[in-house]
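First the structure, in the form of structure tokens, and then the observations on it.
What follows draws every value from the coordinates through simple rules; no lab data is involved. Because the structure is predicted, anything quoted here is derived from the model rather than measured. As a convention, Cβ positions derive from the backbone with ideal geometry for all residues, glycine included, and neighbour counts pool all protein chains shown.
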């Protein structure tokens, strides 16, 4: 049953997602944490962190790790969890692939028409909303700590966040260097 649910959930996420992997995160969290309870918020946060750190698109990486973890939590052996990871990964891309192949001829022919521009123009606010939802979702106590439970961890997390934001945005510090610096601070403090 878990395999059928993984196929359904990630196919649905794949076809209704616009805006890339980060926009997909809030949809994935809603399904796998809130609706099906395959993962806890902490596990999902860890999966997002690992998905960002590994090569490849974050949405597919997140689907892979979620499929694996969900099958393990369902009590299946590791070989079945690998199958769940592959199934979730393929499920998130198969419908968008078919859709893009189907409409590519139309987009090539009518890509600059007013109708196409209006359609894509109306999708932009949706994508911004999905990205904002993903950003707000990641601003949880699992990532930042809680100001009431652990004020030091919360304050340090906010300082690291601001340092990373200002460093990459204003001072143009390379993101890989920023990840290494923040990881070093986290290793020393935590």
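Normalise the Debye intensity by I(0) for segment 63-190, one equal point scatterer per Cα, no solvent, then take log10 at q = 0.13 Å⁻¹ and round to two decimals.
Rounded to two decimals, the profile gives -0.97.
How high is the relative contact order of segment 67-146, in percent, counting Cα pairs under 8 Å that sit 6 or more residues apart?
Values: 24 pairs, mean separation 13.3, N = 80.
Reported as a whole number, the value is 17 percent.
Only Cα pairs within less than 10 Å get springs; with that Gaussian network setup on the chain, which residue of 163, 144, 154 has the largest fluctuation?
Per the Cα network of the chain with a 10 Å cutoff, 163 tops the list.
Sorted by packing (mean other beta-carbon atoms within 10 Å per residue), highest first, where do 101-114, 123-136 land?
Details: 101-114: 10.3, 123-136: 13.9.
Listed from highest to lowest mean packing, they are 123-136, 101-114.
Using label points projected 7 Å from each Cα along Cα→Cβ, tell me how many nm separate residue 4 and residue 98, to one decimal.
In this crude spin-label approximation the distance works out to 1.9 nm.
Using the Kirkwood formula on the Cα atoms of segment 145-190, what hydrodynamic radius do you get, in angstrom to one decimal?
Here the Kirkwood hydrodynamic radius works out to 11.1 Å.
Determine the calculated [θ] at 222 nm for the chain from helices alone, applying -39500 (n - 2.57) to every DSSP H run no shorter than 4 residues and normalising by the residue count; nearest 500 deg cm²/dmol.
So the helix-based figure for the chain works out to -26000 deg cm²/dmol.
Suppose a student asked you for the relative contact order of the chain, using Cα pairs under 8 Å spaced at least 6 residues apart; what percent would you report?
Relative contact order here is 23 percent.
One-quarter of the Cα convex hull surface for segment 1-57, in nm²?
4.0
From largest to smallest, what semi-axes in whole angstrom does segment 97-144 give when each is the square root of 5 times an eigenvalue of its alpha carbon gyration tensor? Provide the component values of the computation, followed by the final result.
Values: eigenvalues 222, 39, 5 Å².
Working from the Cα gyration tensor, I get semi-axes of 33, 14, 5 Å.
Give me the Kirkwood hydrodynamic radius of segment 2-138 in Å, from all C-alpha pairs, to one decimal place?
By the Kirkwood definition, the hydrodynamic radius is 15.6 Å.
Give me the percent relative contact order of segment 111-184, please, defined on Cα pairs under 8 angstrom at least 6 residues apart.
With pairs under 8 Å counted, the relative contact order is 14 percent.
For residue 110 and residue 143, compute 0.36 nm times the residue count separating them, minus their Cα-Cα distance, and round to one decimal in nm.
Value of the extension gain: 7.5 nm.
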